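Just below is one structure, and these are the notes that go with it.
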Amino acid sequence: MSCVCLLGSSLITVFFSASLFALVLISAYLVSAVQRAVNITWSSINFKTLLHWDPKPVGYVYTVEMDGYLLNREKVCIHTSKTECDVTNVILQNLNDTYTARIYSEIPYDEDNVETPPYEVSSKFVPYTQTELGTPTVTYFEQKDNILKVEVADPLTPYRVNGTLQTIRDIFKNDLEYMLYYWKDQSTGKKSAKTKTNQFAVDVDKGKSYCFYVQANIPSTLSNQKSQKSSIKCTSIHREDLDVGAAVGILILIIVLSVVIYKCTKAKRRLTEKENMPPNL
């Protein structure tokens, strides 16, 4: 009987050891399969900010931890299987702070592991100087005589004050300026003008059609932030006016010439008839 108990105890010990060894092997395999994040990049337009990285995780997940000079470490996108993370709400806390992100590669449900999971650190990011400016929208334009007028709308940002979305002008204030690039239609020579407001009024040649586009610009930063170009607009209405005016002028000229020719012909006929009349006897 004692031999049977001893044998059973030995089998239990062997099974437990084998199970423990198997768990160690599985854990070692999972750890070796976990990859650190690579190709970490920031993408930010009008302060809407995303973090991107590679590779797509298999058998593990990512957690992003944001850090800043004025920010206590804050975890976002916890245990995500995606390779991007929206960190807009974090960076909006202070647009002038300098942020970095730690991207942890973690095995899900491995809560007993007290060791710090492998991670990679992003480059530094300062929203105020590194966000890209969104494309401005031309809301109104008019060419009258020798003046071209253009009005631009400020792009919105996700930043709110008392529930109201703020524009890039609300944030950049006098640092923001707009550039207008304009040229005669069918021509390649460009001229430019800039303004600290949302309106342009530039001198152009009267009677000539013009095309233009607008860009937002922050010249005060080292990176000299510029937005993408707005869509190109043209003031083609004046060409149509000229065509109609020319047609009317030609028609008037034809009428005048016809009247002159008619009168000259009639006067000449009368003169001829007078010359051919016999003298009075």
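Rounded to the nearest 0.05, what FRET efficiency is calculated for Leu50 and Ile254 with R0 set to 45 Å and r the Cβ-Cβ distance? Plugging the Cβ-Cβ distance into 1/(1 + (r/R0)^6) gives 0.10.
With a Förster radius of 45 Å, plug the Cβ-Cβ distance of Thr164 and Ile107 into 1/(1 + (r/R0)^6) and report the FRET value to the nearest 0.05. Please report the intermediate quantities before stating the final value.
Numbers: r = 44 Å, r/R0 = 0.97.
That gives a FRET efficiency of 0.55.
When the listed pairs Lys82/Lys173; Lys144/Lys194; Lys184/Lys226; Lys124/Lys233 are checked against a 29 Å cut-off, the alpha-carbon distance exceeds it for Lys82/Lys173; Lys124/Lys233.
Ranked from the most accessible area to the least, with a 1.4 Å probe and all protein chains present, what is the order of Trp42, Trp53? Before the final figure, lay out the partial values.
On the way: Trp42 45, Trp53 5 Å².
So, going from the largest accessible area down, we get Trp42, Trp53.
Can you tell me the relative contact order of segment 137-235? Whole percent, Cα pairs under 8 Å, sequence separation 6 or more. Can you show the working numbers first?
On the way: 192 pairs, mean separation 26.8, N = 99.
Value for segment 137-235: 27 percent.
Approximating the spin labels as points 7 Å out from Cα along Cα→Cβ, the Asp175-to-Glu132 distance works out to 1.9 nm.
Among the trypsin sites (Lys or Arg not before Pro) in segment 105-171, those placed in a DSSP loop whose Cβ has at most 14 other Cβ atoms within 10 Å are Lys124.
Multiply the residue gap between Glu115 and Ser231 by 0.36 nm, knock off their C-alpha separation, and tell me the result in nm, one decimal place.
Taking Glu115 through Ser231 to full extension adds about 36.4 nm, to one decimal.
The values are calculated or read from the model by the stated rules, or taken from the named source; none is laboratory data. Since we're looking at a predicted model, the values are computed, not measured. Here Cβ is always computed from backbone atoms with ideal geometry, including for glycine, and neighbour counts include all displayed protein chains. When the accessible area is computed, the model is the full protein with side chains, heavy atoms only, and any ligands, DNA or RNA have been set aside. Shrake-Rupley method; radii C 1.70, N 1.55, O 1.52, S 1.80 Å.
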